[in-house]
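The values are calculated or read from the model by the stated rules, or taken from the named source; none is laboratory data. Because the structure is predicted, anything quoted here is derived from the model rather than measured. Positions of Cβ are generated from backbone atoms using ideal geometry, with glycine treated the same way; all protein chains shown enter the neighbour counts.
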Amino acid sequence: MKTYRSGHAAADLPLPATRTGKALTPMAFVQAMVKALEAGGVAAAPLLQQVHIAPDAVQNPDARITAWQMERLSGLAMQALDDEALGWFSRRLPWGSYGMLARASLTAPTLGVALSRWCRHHGLLTRDITLTLAQDREQAFLRLTEQRDLGALRETCVVSTLRNALGLSCWLIDSRIPLLGAKFPYAAPPHHDAYRVLFPCPLGFSAETASLCFDARYLDLPVRRDEVALQQMLQRALALTVLPYRRDRLLVQRVRQALATDPLAMRSADALANRLHVSTRTLHRQLREEGASLQQIKDELRQRLATDLLTRTHRPVSQIAAQAGFRNEKSFIRAFRGWTGQSPGAWRRAPTTP
């Protein structure tokens, strides 16, 4: 499985897989790779030995391996087979195929154009699957449709292809892209718990087609990479886990939208972080890196909502306080004085400036 990285500042990018990471990757993915190697006439044992996987362990469905082991084994298998698709398709994708796709998307002005181009060009490499990008007003959908029976390698193909696209997209715009949902066209496998690591979002199985869903606003972000960055990325393009980028260039907007949609979410940073699929610590850190704070955003939205309700309605101050997400009227009045220098009642009675 591949993801895409550049040699830019480590603070902005996922850390590389290490030999000592947690063993979270299901052995089912190794089994699929062994099948591809056997079908290609390549002995799997020497490759397994290089990444410290005992041949007997491959047959243990409960066994797990580390990200480093999967990354290293994938690279060895791809080079041995000269097939970056690891036997998924009816024709090989020679070494460098995915790098060529990345280069073809590099000159796109936005992620939307780049990802559409990537999907279209992927279809030139194989007709066994079709990738399409669609969007409605708020959400974008990357869909994978199977055009033939992928057999025993089906799960590995679907998971890897979707994760490749997500990793490349994150790299192109230098931003984390949180998923809103992921669906798969097969029943939940025995190792389905690992999918929450691979795709940290609401999951669905036995769907009509495989797909990833994310905020459509990411499609409008500009492509930030160049040829130099591409060359650096291609030196290490085979990491297993598409770890979230530390930077999320839309996080401030996503926080504003979430709080505006549900003012009660202002009361709990934990609830808000859970809704945005990040940890509370990450939420605060990323906002700080973007020059904002959760309290600042809350105050801005609360003030806007409160002044709007005071102007347009005759609701009691206690109701407005509750709607603006305050625990009680006293805390609302205290905050309002800090914003405007007046109490809500005095502000409401003041004449409106033409």
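Answer yes or no as to whether ARG137 is of a type in the set (Lys, Arg), part of a loop (DSSP other than H, G, I, E, B) and crowded, with 22+ Cβ neighbours inside 10 Å.
Details: of a type in the set (Lys, Arg): yes; part of a loop (DSSP other than H, G, I, E, B): yes; crowded, with 22+ Cβ neighbours inside 10 Å: no.
Criteria not met by ARG137.
Does PRO61 satisfy the condition of being under 18 Å from ASN164 (Cβ atoms) and outside any helix (DSSP H, G or I)?
Against the criterion (under 18 Å from ASN164 (Cβ atoms) and outside any helix (DSSP H, G or I)), PRO61 does not qualify.
Can you tell me which of (1) in contact with a Ser or Thr (Cβ under 9 Å, 6 or more places away or on another chain); (2) surrounded by 20 or more Cβ atoms within 10 Å (Cβ to Cβ) is the one ARG148 doesn't meet?
Result: ARG148 passes all but (2).
Among the residues of segment 286-297, is there at least one that is modelled with pLDDT of 85 or more, of a type in the set (Asp, Glu) and in a helix (DSSP H, G or I)?
No - not one qualifying residue is present in segment 286-297.
Is segment 124-147 home to any residue that is under 21 Å from VAL30 (Cα atoms) and either in the same structural domain as THR110 (by TED's automatic domain parsing) or aliphatic (A, V, I, L, M) (or both)?
Applying the first criterion (under 21 Å from VAL30 (Cα atoms)) to segment 124-147 yields none.
Looking through segment 124-147, none of the residues is under 21 Å from VAL30 (Cα atoms) and either in the same structural domain as THR110 (by TED's automatic domain parsing) or aliphatic (A, V, I, L, M) (or both).
Tally time: how many residues in segment 167-188 are at pLDDT 95 or above and under 23 Å from ILE65 (Cβ atoms)?
Number of matching residues: 4.
Out of the residues in segment 199-238 that are of a type outside the set (A, V, I, L, M) and in a helix (DSSP H, G or I), state the one that is surrounded by the most Cβ atoms within 10 Å (Cβ to Cβ).
Here the answer is TYR218.
Do we find a residue being buried (at least 17 other Cβ atoms within 10 Å of the Cβ), farther than 13 Å from ALA216 by Cα and aromatic (Phe, Trp, Tyr) anywhere in segment 116-127?
Yes, segment 116-127 contains at least one residue that is buried (at least 17 other Cβ atoms within 10 Å of the Cβ), farther than 13 Å from ALA216 by Cα and aromatic (Phe, Trp, Tyr).
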